[in-house]
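Notes follow the structure.
The values are calculated or read from the model by the stated rules, or taken from the named source; none is laboratory data. Quick caveat, the model's predicted, so the values are computed rather than measured. Note that each Cβ is placed from the backbone with ideal geometry, even for glycine, and that neighbours are counted across all protein chains shown.
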Amino acid sequence: MATMRTQKEIRQRAPIWLLTLLFVNLVVMAVDARDSESKQRMIRTWAQAVVAPVQNVTSRAGGATAGVIRQIVNFSSTAEENEQLKGRVASLEVELRTTREHSVENERLRGLLGLKEQTGYQSVPARVIARDASVWFNTITIGRGSSSGVALNMPVITATGIVGRVIATSPWTAQVMLITDEKSAAGAIVGQLQDSGALGLVRGLGNTGLIEMRYVSGLHEVKIGDYVLTTGQDGIYPPGLHVGEVVEVKSGSVTMPHEIKIKPSARLDQLEEVAVLLYNPPERPTPEQALPNVDRPRK
């Protein structure tokens, strides 16, 4: 009975074993099979054919991921380079601004050093260290005083024109009243002394930043753009210094003088360095000295 059961089980399982053997044989044959041209095992070719789509998708995903990472790294590097370039540009702008300022300052100083040839007088260069707090300041303080030879009423000028006069001194500083101050005055002429008779007096107009010229006879022609020079008659400024340029004229008549407005030649709103002329006006003769040399009555 047991023998019959075993034979029955063998007959039932025989197809399974047969299929198993066939499958194993197929696998062995597949593993051992080779391509006739490349001599490669067929199993590898089949495996590559099956895996290729998966590898393609994975490769693309990996490439995209790597590209994103590279972009992030590039963006970070570019941002850092931009910051460095911005810093460099800012540094170069500061250097350029400093160079320009030094160049302008050197030009001003060269102009001040050339005043001896222009005016014929010794001068003391000085830096402006303080200004009046008003919008149109009418006084400045300079960094030279009596220890440098600066004295009261000495004229203060730049290479382009007169600035004002010294009104107070200390050993190391001096205060200067600008020609735009209403209390400031100077003898002046429109044009050259030898060629013009348009003599007058210039006075400041305070907060306007302009100067007015008074007492110029209406008989003399005065035009906008004419230049005005000092005459030396005030006993403060030597003759021939630039005062400014005529910017407004209300013509006078035989009996009425011109009304003249002048823009100062010196840039009074941008003063950095000035020069104090060591100028002492010649003494005016007394009435007796002015008389001709005749016998005077004895006392």
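Side notes on the structure shown:
- Residues of segment 206-256 satisfying the condition of being within 21 Å of residue 138 (Cβ to Cβ), of a type in the set (A, V, I, L, M, F, W, C) and crowded, with 16+ Cβ neighbours inside 10 Å: 210, 211, 213, 228, 236, 241, 243
- Picking from residues in segment 165-183 that are in contact (Cβ under 8 Å) with a residue 24 or more places away in the chain and among the small types (Gly, Ala, Ser), the one that is nearest to residue 273 (Cα to Cα) is 174.
- Which listed residue is at pLDDT 90 or above, assigned to a strand (DSSP E or B) and under 30 Å from residue 149 (Cβ atoms), from 228, 249: 228
- Evaluation of residue 171 against (1) buried (at least 18 other Cβ atoms within 10 Å of the Cβ); (2) touching a helix residue (DSSP H, G or I) at 6+ places or on another chain (Cβ under 7 Å) (one fails), failing number: (1)
- Residues of segment 257-280 that turn out to be among the acidic types (Asp, Glu) and surrounded by 17 or more Cβ atoms within 10 Å (Cβ to Cβ), as a count: 1
- Checked against (1) modelled with pLDDT of 85 or more; (2) not in a loop (DSSP other than H, G, I, E, B), residue 150 passes all but a single condition, namely (2).
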